[in-house]
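The values are calculated or read from the model by the stated rules, or taken from the named source; none is laboratory data. The shown structure was predicted, so the numbers you read here are calculated from the model rather than taken from an experiment. In this analysis, Cβ positions are derived from the backbone assuming ideal geometry, glycine residues included, and neighbour counts consider all displayed protein chains. SASA here: full protein model, heavy atoms, side chains in, ligands and nucleic acids out. Shrake-Rupley method; radii C 1.70, N 1.55, O 1.52, S 1.80 Å.
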Amino acid sequence: MTQRSRKALIIGAGIAGPITAILLRRIGIEAEVFEAWPHATGIGGGLQIAPNGMHVLAEAGLANDMIRRGAISESIEFYSQSGVPLGTINRDMEQRFGAPAVNMRRSTLNEAILAKAEHDNIAVHFEKRLVRIEDRADQPIVAHFADGSSAEGDVLIGADGVHSAVRGHVIPDAPMPFDTGLISFGGFVPRSVLEAVGTGPSLAMTFGQSGFFGYGFCTPDPQNGAMCWSTQPIHGIDAATFRAMDRGTLRRHLSRFHAGWHDPIPQIIAAMDEIVVTATLDVATLPTWSRGRTLLIGDAAHAASPHAGQGASLALEDALRLARLMEACEEISVTFDQFERERRPRAERIVALARRNGNHKREYGRTGAWIRDQMMKLLLPLNARSEVWMYGYDPRAITPRPGTSSPHVRQAA
């Protein structure tokens with residue numbers, strides 16, 4: 001196809017899909033979004049959008065709204081199970097990288113993105129489960145759905161997450177998402193639970209002999225304004241089994257697992273109401289991200305476990321970089337190849353980093369946990385140097401590399 005695409009079919013209405021549609025519409029490409037699940041609000045736990053992701057929200061006109069509805073994180077503070085400080089990272093993010101790190105509810109972000117898409121007259125269809133993609137030469141690409149309906153476009157973008165249906169079209173024998181062996185229990189508690197112990201505007205992260213617990217403010221709402229999560233090794237009970245338990249049983253499990261951990265962790269667990277249980281999966285690498293006129297982005301292409309805090313920000317980066325490349329390039333096959341060449345090294349580096357970080361949350365002996373804590377004390381002060389490649393990436397800024405036409409994304413100073 002030698003002419004610029006005029007309509008994109010986007011599969012997935014999480015974060016990457018609607019943001020991609022919004023940014024494509026701005027450059028004159030029509031976009032239509034299809035989501036397998038029914039429309040729902042209030043779903044999901046808390047997350048942090050790092051400066052690199054906030055740049056994309058600013059581009060979409062959503063950054064100020066999410067800062068207002070979320071909570072700026074001034075740093076990340078690490079503790080041992082008994083409450084001994086191990087170190088602090090991610091200070092002065094806005095000053096260093098041009099945007100703050102912002103904690104928020106995933107549902108708040110998703111609802112804001114969908115509202116923006118509706119404002120921009122982008123159609124978002126729910127309960128549209130993809131079953132087949134038809135891509136024939138000299139004809140529109142067709143997405144077929146389980147309800148018997150179909151849609152036609154010039155390209156199809158798979159933004160349908162770690163369990164992507166589009167991935168099976170791009171790579172018929174695609175590897176399954178990798179289970180990292182950790183389970184996450186997330187939820188929200190009143191702000192007063194953290195305020196009572198003097199918690200400031202930072203994320204607190206505690207490493208235990210087995211597992212991990214994190215918490216911090218995520219919204220001005222006094223009732224559900226603090227997010228929390230527990231990460232634990234799988235001990236014979238998978239995430240699906242935990243999800244079948246009632247909240248009282250889950251709360252008792254968390255209380256037993258984190259017995260003796262420092263305050264306010266016991267108080268947070270006692271205040272947790274709804275508890276979201278998720279398996280910790282990732283997709284480290286795929287043989288290709290595209291096939292014909294179909295492209296994978298976000299978790300469909302490179303799902304990162306949450307241990308680097310970059311999954312949503314990577315998806316946002318993908319959306320903006322793809323829109324910029326589609327605006328600049330006429331040939332879609334060239335655009336898709338260039339997108340993959342540009343994005344794959346960074347995405348796979350972050351997926352690998354997240355998996356390594358997760359290893360610190362597994363089971364340790366008493367001596368092993370003590371050694372890990374001492375190493376963290378030594379290494380965390382050096383972390384500031386390594387933050388630039390991740391947080392200083394600005395997906396809005398692209399220049400040619402000297403002596404070549406290949407793109408180079410500028411880093412923040």
* To do: Name, by its number, the condition in (1) modelled with pLDDT of 95 or more; (2) assigned to a loop (DSSP other than H, G, I, E, B) that does not hold for His235.
  => (1)
* To do: Filter segment 292-340 for residues that are at pLDDT below 95, open to solvent by 30 Å² or more (accessible area, probe 1.4 Å) and within 30 Å of Ile183 (Cα to Cα) and give the result.
  => Pro306, Gly309
* What do you reckon, is Ser202 farther than 15 Å from Arg293 by Cβ, buried (at least 23 other Cβ atoms within 10 Å of the Cβ) and hydroxyl-bearing (Ser, Thr, Tyr)? -> no
* **Search result, residues across segment 91-111 that are within 18 Å of the chain's Cα centre (by Cα) and either part of a strand (DSSP E or B) or touching a residue at least 60 places away in the same chain (Cβ under 8 Å) (or both)** => Ala101, Val102, Asn103, Met104, Arg105, Arg106, Ser107, Thr108, Leu109, Asn110, Glu111
* Examine segment 258-265 for a residue that is among the β-branched types (Val, Ile, Thr), open to solvent by less than 60 Å² (accessible area, probe 1.4 Å), farther than 18 Å from Glu363 by Cα and in contact (Cβ under 8 Å) with a residue 40 or more places away in the chain, and state whether such a residue exists. => yes
* Asked: Does Arg96 satisfy the condition of being open to solvent by 60 Å² or more (accessible area, probe 1.4 Å) and closer than 30 Å to Ala328 by Cα?
  -> yes
* Asked: In segment 63-78, how many residues are open to solvent by less than 60 Å² (accessible area, probe 1.4 Å) and among the polar types (S, T, N, Q)?
  -> 2
* Examine segment 233-248 for a residue that is of a type outside the set (D, E, K, R), surrounded by 15 or more Cβ atoms within 10 Å (Cβ to Cβ), free of Cβ contacts under 8 Å to residues at least 60 places away in the same chain and closer than 30 Å to Ile157 by Cβ, and state whether such a residue exists. => yes
* **Checking Arg343 against (1) open to solvent by 50 Å² or more (accessible area, probe 1.4 Å); (2) in contact with a helix residue (DSSP H, G or I) (Cβ under 8 Å, 6 or more places away or on another chain); (3) part of a helix (DSSP H, G or I); (4) not aliphatic (A, V, I, L, M), the condition it does not meet** => (1)
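Table: residues versus (1) part of a strand (DSSP E or B); (2) of a type outside the set (D, E, K, R); (3) in contact with a Cys (Cβ under 8 Å, 6 or more places away or on another chain).
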{"residue": "Glu127", "(1), (2), (3)": "no, no, no"}
{"residue": "Ile133", "(1), (2), (3)": "yes, yes, no"}
{"residue": "Asp138", "(1), (2), (3)": "no, no, no"}
{"residue": "His144", "(1), (2), (3)": "yes, yes, no"}
{"residue": "Gly148", "(1), (2), (3)": "no, yes, no"}
{"residue": "Ala151", "(1), (2), (3)": "yes, yes, no"}
{"residue": "Ile157", "(1), (2), (3)": "yes, yes, no"}
{"residue": "Asp160", "(1), (2), (3)": "no, no, no"}
{"residue": "Ser164", "(1), (2), (3)": "no, yes, no"}
* Scan of segment 374-396 for residues that are open to solvent by less than 20 Å² (accessible area, probe 1.4 Å) and in a helix (DSSP H, G or I), ordered by number -> Glu387, Met390, Tyr391
* To do: Evaluate segment 15-37: report whether one residue or more is open to solvent by less than 10 Å² (accessible area, probe 1.4 Å), among the polar types (S, T, N, Q) and either under 30 Å from Glu127 (Cβ atoms) or modelled with pLDDT of 95 or more (or both).
  => yes
* Look at segment 40-62 and say how many of its residues are of a type in the set (Val, Ile, Thr), open to solvent by 10 Å² or more (accessible area, probe 1.4 Å) and at pLDDT 95 or above. => 0
* Out of curiosity, is Asp179 in a loop (DSSP other than H, G, I, E, B) and open to solvent by 30 Å² or more (accessible area, probe 1.4 Å)? -> no
* To do: Assess whether Gly358 counts as being at pLDDT below 90, part of a helix (DSSP H, G or I) and open to solvent by less than 60 Å² (accessible area, probe 1.4 Å).
  => yes
